[in-house]
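These notes concern the structure reproduced below.
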Amino acid sequence: MGGREDSEPPLKRVKVTLTQSKNSSDHSSITDPVASSLGDYMAWPLPSQGDEETIGKTGVIKRSEFIKVITRALYSLGYDKTGAILEEESGIPMHSSLVNLFMQQVMDGKWDDSVATLRAIDLLDEKIMKSASFVILEQKFFELLKKEKMVAALDTLRNEIVPLRINANTVHELAACMISPLQPVQLEPSSQDTDGASTRSKILEKLQKLLPAALFIPGNRLERLVEQALDVQRDACVFHNTFDSDLSLYSDHQCGRHQIPSQTSQILHAHSDEIWFLQFSHNGKYLASSSKDQSSIIWEVKGDGQVSLKHVLTGHQKPVLTVSWSPDDRQLLTCGLEEVIRRWDVTSGECLHVYEKNGVGLISCGWFPDGRGIFSGMADKSICLWDLDGVELECWKGQRTLKISDMAITDDGKRIINICRETTILLLDREAKFERLIEEDEVITSFSLSKDNKFLLVNLINQEIHLWSIESEPKVVSKYKGHKRARFVIRSCFGGFEQAFIASGSEDSQVYIWHRGSGELLLALPGHSGAVNCVSWNPVNLHMLASASDDRTIRVWGLDHLNLRRKVSQSNDIAHLAHQFNGRT
């Protein structure tokens with residue numbers, strides 16, 4: 001240890017600590033020769049900064065803390081024997097003898113003794129001391145009350161709890177318990193078994209949360225440290241696009257570009273004119289597209305990732321602007337250009353209803369969060385809400401929308417979002433009848449609402465995409481540049497793990513992908529031969545992206561399998577080596 005050869009058998013030293021731990025409650029002493037051996041061991045100079053030995057390359061991990069955290073994890077996982085052995089072999093008990101005594105006194109219900117021991121423990125400031133004492137004395141009060149020792153309970157309240165001068169409201173409630181015997185049960189859920197072991201265990205857990213971690217190491221401390229390490233690696237991974245279940249403790253995490261869909265896996269030919277819009281269903285099993293050819297198509301995503309045509313939806317007399325999936329993905333809305341909205345059954349491809357308003361064209365559509373109604377932007381710049389049978393429920397008149405306008409509604413159904421002027425987005429609170437505006441300096445062409453309803457992705461005519469936070473006071477939190485937009489409506493989307501990426505179409509026939517947090521342009525994907533009007537990232541399959549183009553095709557993008565196989569091969573080699581080493585031990 002510490003570069004020093006030790007001729008003394010390790011087991012001899014560990015028995016000292018174990019004996020001390022076992023006998024602390026019996027007040028037995030340690031024999032002089034053994035104590036001398038322990039003293040010699042503890043007096044060794046430790047190679048560290050300061051007075052405590054450290055481990056690791058940087059010298060920031062204190063050996064004793066490291067071992068205590070591992071010991072605590074072993075006990076938490078139920079490996080009590082292994083935890084005890086580690087305490088023995090390391091010579092580092094998880095708790096001091098004084099803390100062990102305190103815990104035992106709490107479990108035995110020796111409240112006066114536990115308060116006295118608490119005051120003898122170092123590292124406690126006055127505030128913590130009072131808070132912990134209050135928890136102990138409160139339990140003492142309850143147990144005395146249950147045993148109908150009213151005088152003793154009153155004495156505890158007056159002479160022990162009140163002088164702490166904290167938690168005044170609770171003290172008043174405790175005083176009320178002296179009048180109503182049933183009050184303790186109402187005040188303290190665990191008081192139905194006030195002197196039971198389970199209640200005292202809960203009291204001990206409460207005390208452990210109050211007292212410093214140096215005295216009581218949290219049971220999940222090791223897990224928390226490991227989770228933090230994985231979080232740091234994941235957050236530092238610019239290309240991170242895997243589920244948490246794919247993270248491993250065996251090696252540092254690094255995704256690489258191959259985890260972002262960047263290779264054309266399929267080209268879909270079915271539309272006879274420009275494709276203006278497409279969107280994956282919420283469950284990722286379907287893709288819907290709409291076209292200038294006056295049709296929409298429902299595509300089915302197979303288990304192997306292949307996409308096949310399911311239904312061609314016809315009936316519109318004008319180009320189909322947008323589509324919208326019902327919350328349960330069983331129905332689809334299609335909106336014609338200043339025409340009507342049609343509602344379709346996804347399984348059969350049958351048109352279930354046509355929504356229209358005399359003399360007014362419909363220009364956008366969406367669903368109520370509960371799937372029981374729809375909303376639409378109108379050519380007369382109003383917004384209307386309908387039930388599924390086409391009965392108009394609400395309508396907001398005035399300049400609420402533009403001739404070509406995206407719309408969205410938050411998951412709680414309270415806010416409707418749409419473009420109300422060329423440079424302005426309206427956030428309309430249905431319940432509070434309150435309006436909030438997002439003002440841009442440039443013309444807004446489209447927007448997309450994040451899955452958590454906290455952000456808007458706004459496409460502008462000046463070839464920029466702005467990310468707005470709309471949780472409280474709206475503000476721009478990031479900007480994305482690099483794509484081309486001069487004449488057409490170009491749409492972008494959130495995507496990937498926790499929507500950590502931004503994807504957009506472009507008039508230069510490419511698909512652009514940025515890192516959402518940093519704004520860094522990661523990839524520009526060539527392949528289309530016309531403007532890319534819209535993109536959609538599969539919400540379930542993180543490695544599937546679709547793009548719609550004026551070249552009348554849909555491209556489905558997947559992983560770069562050549563680089564992926566190379567990466568997987570390297571990972572398998574590492575896992576194989578780890579398995580071999582584990583087998584040897």
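At least 2 residues that are in contact (Cβ under 8 Å) with a residue 24 or more places away in the chain and under 22 Å from Asp412 (Cα atoms) in each: list the strands (runs of 3 or more DSSP E) lying fully within the range 314-369 that qualify.
Counting at least 2 such residues, we get 320-325, 331-336, 362-367.
Sort out which residues of the range 223-258 are closer than 17 Å to Asn541 by Cβ, of a type in the set (Ser, Thr, Tyr) and either assigned by the TED database to the domain that holds Asn538 or open to solvent by less than 50 Å² (accessible area, probe 1.4 Å) (or both), and write them in order of number.
Thr242
Quick one: in the range 308-330, which of the residues that are open to solvent by less than 50 Å² (accessible area, probe 1.4 Å) and touching an Asp or Glu at 6+ places or on another chain (Cβ under 7 Å) is farthest from Val556 (Cα to Cα)?
His316
Would you point out which residue out of Ser478, Ser446 is open to solvent by 10 Å² or more (accessible area, probe 1.4 Å), modelled with pLDDT of 90 or more and either assigned to a strand (DSSP E or B) or on the phi < 0 side of the Ramachandran plot (or both)?
None of the others qualify; the one that does is Ser478.
Go through the range 415-449 and count every residue that is closer than 14 Å to Pro474 by Cα and of a type in the set (Ser, Thr, Tyr).
Count: 1.
What residue, of Thr156, Thr194, is modelled with pLDDT under 80 and either aromatic (Phe, Trp, Tyr) or crowded, with 19+ Cβ neighbours inside 10 Å (or both)?
Thr194
In the list Gly398, Gly361, Gly413, which residue meets the criterion of being open to solvent by less than 20 Å² (accessible area, probe 1.4 Å) and at pLDDT below 85?
Gly361
If you go through the range 241-264, how many residues are among the hydroxyl-bearing types (Ser, Thr, Tyr) and in a helix (DSSP H, G or I)?
Total meeting the criteria: 1.
Considering each of Asp441, Asp429 in turn, give the residue that is at pLDDT 90 or above and surrounded by fewer than 18 Cβ atoms within 10 Å (Cβ to Cβ).
Asp441
Quick one: which of Leu98, Leu118 is surrounded by fewer than 19 Cβ atoms within 10 Å (Cβ to Cβ) and under 16 Å from Gln208 (Cβ atoms)?
Leu98
Taking the criterion of being surrounded by 14 or more Cβ atoms within 10 Å (Cβ to Cβ), of a type outside the set (A, V, I, L, M, F, W, C) and modelled with pLDDT of 90 or more, would at least one residue in the range 178-190 satisfy it?
Taking every residue of the range 178-190 in turn, none turns out to be surrounded by 14 or more Cβ atoms within 10 Å (Cβ to Cβ), of a type outside the set (A, V, I, L, M, F, W, C) and modelled with pLDDT of 90 or more.
Pairs needed: first member in the range 459-478, aliphatic (A, V, I, L, M); second member anywhere, not in a strand (DSSP E or B); C-beta distance under 6 Å; at least 6 residues apart or different chains.
Leu460/Glu442; Ile461/Glu442; Ile461/Val443
So if I check each of Glu89, Glu65, Glu138, which one is open to solvent by 50 Å² or more (accessible area, probe 1.4 Å), assigned to a helix (DSSP H, G or I), of a type in the set (Asp, Glu) and touching a Leu at 6+ places or on another chain (Cβ under 9 Å)?
Step by step, each of Glu89, Glu65, Glu138 is checked, and only Glu89 is open to solvent by 50 Å² or more (accessible area, probe 1.4 Å), assigned to a helix (DSSP H, G or I), of a type in the set (Asp, Glu) and touching a Leu at 6+ places or on another chain (Cβ under 9 Å).
The values are calculated or read from the model by the stated rules, or taken from the named source; none is laboratory data. None of the values given here were measured: they were computed from a predicted structure. Because the Cβ atoms are built from the backbone with ideal geometry, glycine has one as well, and the counts that use them run over all protein chains shown. Surface areas here come from the heavy atoms of the whole protein model, side chains and all, with no ligands, DNA or RNA. Shrake-Rupley method; radii C 1.70, N 1.55, O 1.52, S 1.80 Å.
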